[in-house]
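Encoded as structure tokens, the structure appears first; notes follow it.
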Amino acid sequence: MTRKEERFDLTGKVALVVGGGGYLGVPTCRGLAEHGAHVVVADVRKEMAEKASIQLAAEGLSIEAMGLDIGDEGAVKAAIDDIVSRHGHLDIAVNSTARSTGKPMDEMALVDWEKGLRISLSGAFVLSREAGRVMVSQGSGSIIQFSSMYGKVSPDPRIYAPNFNVNPVDYGAAKAGILQMVRYQAVMLGPKGVRVNAVVPGPFPNPVGQGGDAEFVKKLSDKVPMARVGDAEEIVGAVVFLASDAASFITGTEIVVDGGWTAW
Ligand SMILES: NC(=O)c1ccc[n+]([C@@H]2O[C@H](COP(=O)([O-])OP(=O)(O)OC[C@H]3O[C@@H](n4cnc5c(N)ncnc54)[C@H](O)[C@@H]3O)[C@@H](O)[C@H]2O)c1
């Protein structure tokens, strides 16, 4: 293998991708595995993790599936302990989960707000803490949290009205919280060899959902300097880079993959 190839090589690494059965999760798992990692695809929708695992194994990749609710502190700890007991180490932990209360702000009860944060922010915290615990004991590791453009800027209500509930306030607050959490954890874990970063996706509408609505996709595209939405495949480079030795001096920061959405 050339030095050029070695920089991005993940051979021998074990990766956990929570939310790995989702729209951006599946290409993320594929990308990590294509670069040599053994990938544990974990998802609260166990059937989606299994579907992804069957599909990626058929492509010759090293994959296993796991049902996991990132909002269940004990389950996250047990899952990581299980991975380490079976594989000996955990080198890459990715959180690609998302939860939305689906309510506009004036209809959102405190309990809705708290439910959203429980998954999107507290879940992210628990995964980082537990993966970080293992990685500190190893002296190495890379934690990658999915934030969002809506952790940096507000949704433009004109795009979503009247169906504004797809981007509720708890979602953006959690995604902004992730960006600060990443900086904090990077500072604490940096001396111990563990890197913590975020990827910040812009508009990647899933064709099965909103991405199937041509008018909506046009509205999104009109707000992107690159004049289009992202293809799910386009998130992979940032994740693989942050997971790999190519990013060995990069921690406490974010890679924005948004076609320029947050640039103007
Ligand atoms: N797609 C986009 O346009 C976009 C934009 C900005 C940010 N993001 C972020 O990127 C990440 C991936 O987004 P996506 O488009 O693939 O979404 P998705 O909904 O397709 O995938 C999210 C996955 O997380 C899983 N999940 C939800 N709650 C969970 C829980 N409690 N425990 C474990 N798994 C759980 C879901 O089952 C799903 O498979 C998310 O963090 C999302 O907020 C996506």
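The values are calculated or read from the model by the stated rules, or taken from the named source; none is laboratory data. Note that the coordinates shown come from a computational prediction; the quantities given were computed from them, not determined experimentally. Cβ atoms come from the backbone with ideal geometry, glycine included; neighbour counts cover every protein chain shown. The area values use the complete protein model at the heavy-atom level, side chains included, leaving out ligands, DNA and RNA. Shrake-Rupley method; radii C 1.70, N 1.55, O 1.52, S 1.80 Å.
Before moving on, here are some points about what is shown:
- Violating pairs (Cα-Cα greater than 29 angstrom) within the set K51/K77; K46/K218; K51/K223; K51/K218; K13/K223; K77/K192: K46/K218; K51/K223; K51/K218; K13/K223
- Along principal axes, Cα extents of the chain, largest first, whole Å: 50, 40, 36
- The simple spin-label model puts a point 7 Å past each Cα toward its Cβ; for K77 and A214 those points are separated by 5.3 nm.
- Hull-based mean projected area of region 50-177, where the convex hull spans the alpha carbons, in square nanometres: 9.7 nm²
- F249 paired with A227, simple spin-label distance in nm, labels 7 Å along Cα-to-beta-carbon: 3.8 nm
- In this simple spin-label model, placing a label point 7 Å from the Cα along the Cα-to-Cβ direction at both D9 and K46 gives a separation of 3.7 nm.
- Backbone N within region 226-264 under 18 Å of label point (7 Å from S140 Cα along the Cβ vector): 240-251
- Maximal additional length on extending the R133-Y184 stretch stands at 16.9 nm, based on 0.36 nm per residue less the C-alpha distance.
- Backbone phi angles across region 83-89, fed through the Karplus curve with coefficients 6.51, -1.76 and 1.60 (θ = phi - 60°), yield HN-Hα couplings of 4, 5, 5, 8, 10, x, 6 Hz in residue order; Gly and Pro are listed as x.
- 0 to 90° range, to nearest 10: angle between helix 25-34 axis and the chain longest Cα axis: 30 degrees
- Proximity of backbone amide H atoms, modeled 1.01 Å from N, is registered between V94 and L16, V17, V18, I144 at under 5 Å, excluding neighbours fewer than 5 places apart on the same chain.
- Applying 1/(1 + (r/R0)^6) with R0 = 25 Å to the Cβ-Cβ distance of S154 and E234 gives a FRET efficiency near 0.60.
- Share of carbon and sulfur in the accessible area of the chain stands at 56%, probe radius 1.4 Å.
- Between helix 46-58 and the chain: long-axis angle, C-alpha atoms, 0 to 90°, nearest 10: 60 degrees
- Additional length obtainable on full extension of the chain from T2 to H89, 0.36 nm per residue less Cα span: 28.8 nm
- Alpha-carbon centroids, region 201-234 and region 99-164: separation in whole Å: 20 Å
- Entry note, region 3-258: relative contact order of 20 percent, from Cα contacts under 8 Å with a spacing of 6+ residues.
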